[in-house]
Structure formats: structure tokens, C-alpha cells
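The values are calculated or read from the model by the stated rules, or taken from the named source; none is laboratory data. What you see is a predicted model; the values in this text were computed from it and never measured. Don't worry about glycine lacking a Cβ; one is built from the backbone with ideal geometry, like all the others, and counts go over all protein chains shown. Ligands, DNA and RNA are stripped out before the accessible areas are found, and what is left, the full protein with its side chains, is counted by its heavy atoms. Shrake-Rupley method; radii C 1.70, N 1.55, O 1.52, S 1.80 Å.
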Amino acid sequence: MSASEPGPADPTASARDAAEFVRAQREAWSAAAPGWDRGFAHFEAFAGRLGAELARRAGVAPGLRVLDVGCGHGEPALTIARLVGPAGEVVGVDLAEPMIERARERAQAAGLSNARFHAREAADLVGLGTFDAAVSRFALMLTPDPAAVARAVRGVLRPGGRFAACVWGGETEVPFCTLTLGVLQHALGLPPPALGAPGPLALGRSGALADALARGGFRDVVETECTVEPRFASVADAASFYLEGSGGVQRALAGRPAADRARLEAELVRALSAWRGADGAVVLPSRVRSAHGVAP
């Protein structure tokens, strides 16, 4: 082996890197939880229909037991809790405990006693029991190994159970995500995400999500795509959503001085202004890829 040839991968180092990433994600989304809650209505205005469509593709019906991987503040888990009814149950998992706490509060406020929530990694589903169906909305691309998550989901699904997931599209298709990525690089001098690293665009290539499900052991995998239109009443409204509710922004600003936040905010307002319409609203049409498969 020459010095220019890569040596064998170090599984210990890979495990350390994955654990560090998960730790950073947990801290970032825990910090973003209050802001995410304030922006919850903005997000659900376009993402709510995606959750309902995932439930349909997963075959959710009254009386079933359903898993929601990466449930955040409780959606689409709470929508599914209404679909399965009192004879069914939904279990949501998310990395950040503050997100899970808010999901529990939402369930209680809605009188949905058939919804339970747990703070844990997406690939750690041991002890949750068996499910009839599973969904995941905008979560798989944020995990170190999406195929491992799909494998874990398959492990808790009954034979014939369906898993439906969605992720963001590619780099040129998702201003909802790429706008902030570009601003972080320009305003704070951050490097672009490493190729293949977990992040909003990690599964954006056509076929990537379907491949992750197939490698996780699902059969009859089908991938589709659609466009959503995140909308904000004003530039200030949109800037607040990103500054307060984005895990990536929270992670980038952690430990930085107030001047960096001010510079980031100014750059964000400038970038968002390019998407402002005649009525002052900011609309960011973005591509979404969905895939569903069947557990053998």
C-alpha cells in the first residue's frame, strides 16, 4: 500500500465522529426548541400536508400502532394519533428532550392519550415494541447513517408493515434550506458541508432516500417528489424563524459573540429580501422527496 492510498477505515474513529455529531445535534435542537415552537405554525402550514401524505402511504388506519421517527414538537405524530383513534397508538421519538417535552404538552392539550413520546436517537428503537406502520418527516437526512435508521425501523415493524419518509431535495431545489447555509458560510466564514455529511441536503439526490430504505431492508420501495411553498408574512418574520428556530443556526452561533449574531442577521435579511414579493411576503418554493417501502 502506497502512502497515497487510503488505509482501512477506523471503526472506532467513525463511531466517535458519529457520537460527537449526535451530541452536537442534540444540543443544537435543544437550544432551538423554544424558537421552533414559535415558528411551529409557519412550518406546519406547508409541512402538515406532507405528514398526512406520509400517513397515507404508510397505510395508517384506525386501530394501528404507528412509529414517528424524528417527531420534533409532535408532528406528524399528533395528526396520526387522531387517525388511529383510541383503539390505536402512536409513539414519537426525537433526539432533543425539550422537543419531546413540548410534544407531550401538545398531546395533553389536545386530549390525545394515545400518543407517547421518547427522547432517543433515531436508530435506537429497542424496547418500544412492535409497530404496524412508521413515518419520518425531515429527519433521516440529519442522521449519521440513514440506512441504519431504516434498518432499525424495519426491525420494529411487523412483516408487511410500511415505512414512509420524506427529505429535502437537492442543492439547487431547496431555497428554504440553502438560503441559510449560504448565509452561514458568507457571514460567519463557515465551510460548506462535507460531501455526504448529515444535513438538510444529505439525501437530496434523486434516488438517495429510496436507496437508504432499500439498504435498510425494505422491499418494493417507491420514491416520488413534490414542491412545497414555505411562506412568511415579511422578511422580518422569516428572519426570526431562522434565527430562533434553526438547529443549524443555533449550532453555528454557539459560543460566538453578539457581533457575529448581528452580522448573521443582517446577511439573512439581505438574502431573504431577494425572495420578497409585491405583497411583502417571502415565499421559498422547495422540492421534497418522499419514499415508502414494505418490511419483509
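Results for (1) outside any loop (DSSP other than H, G, I, E, B); (2) surrounded by fewer than 22 Cβ atoms within 10 Å (Cβ to Cβ); (3) in contact (Cβ under 8 Å) with a residue 60 or more places away in the chain, shown as yes or no for each residue.
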{"residue": "Ala148", "(1), (2), (3)": "yes, yes, yes"}
{"residue": "Ala164", "(1), (2), (3)": "yes, no, yes"}
{"residue": "Gly182", "(1), (2), (3)": "yes, yes, yes"}
{"residue": "Arg205", "(1), (2), (3)": "no, yes, no"}
{"residue": "Tyr242", "(1), (2), (3)": "yes, no, yes"}
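If the Cβ limit is 6 Å and pairs must be 6+ apart or interchain, which residue in the stretch 212-224 that is within 18 Å of Pro144 (Cα to Cα) pairs with which residue that is open to solvent by 10 Å² or more (accessible area, probe 1.4 Å) and not aromatic (Phe, Trp, Tyr)?
Taking only residues 6 or more apart or on different chains, the pairs are Ala212/Pro146; Leu213/Val221; Ala214/Val221; Gly216/Arg151; Gly216/Arg154; Gly217/Arg151; Gly217/Arg154.
Taking the stretch 9-19, which residues are open to solvent by 90 Å² or more (accessible area, probe 1.4 Å) and at pLDDT 80 or above?
none
Of the residues Leu195, Leu188, Leu184, Leu201, which single one is touching a Pro at 6+ places or on another chain (Cβ under 8 Å) and of a type outside the set (Gly, Ala, Ser)?
On the way: Leu195 fails: touching a Pro at 6+ places or on another chain (Cβ under 8 Å); Leu188 fails: touching a Pro at 6+ places or on another chain (Cβ under 8 Å); Leu184 fails: touching a Pro at 6+ places or on another chain (Cβ under 8 Å).
On inspection, the qualifying residue turns out to be Leu201.
Could you figure out which of (1) in contact with a His (Cβ under 9 Å, 6 or more places away or on another chain); (2) closer than 29 Å to Ala134 by Cα; (3) open to solvent by 10 Å² or more (accessible area, probe 1.4 Å) isn't true of Asp237?
Here Asp237 meets the rest and fails (2).
Starting from the stretch 67-87, keep only residues that are more than 17 Å from Ala109 (Cβ to Cβ), then list their pairs with residues that are crowded, with 24+ Cβ neighbours inside 10 Å and hydroxyl-bearing (Ser, Thr, Tyr) whose Cβ atoms are within a distance under 8 Å, requiring at least 6 positions of separation or different chains.
Pairs that qualify, where the first residue is more than 17 Å from Ala109 (Cβ to Cβ) and the partner is crowded, with 24+ Cβ neighbours inside 10 Å and hydroxyl-bearing (Ser, Thr, Tyr), are Asp68/Ser136; Val69/Ser136; Gly70/Ser136.
Is there any pair linking a residue in the stretch 257-278 that is farther than 18 Å from Pro230 by Cβ to one that is part of a helix (DSSP H, G or I) and not hydrophobic (A, V, I, L, M, F, W, C), with Cβ under 7 Å and at least six apart or on different chains, and which?
Cβ pairs passing all conditions: Glu267/His186.
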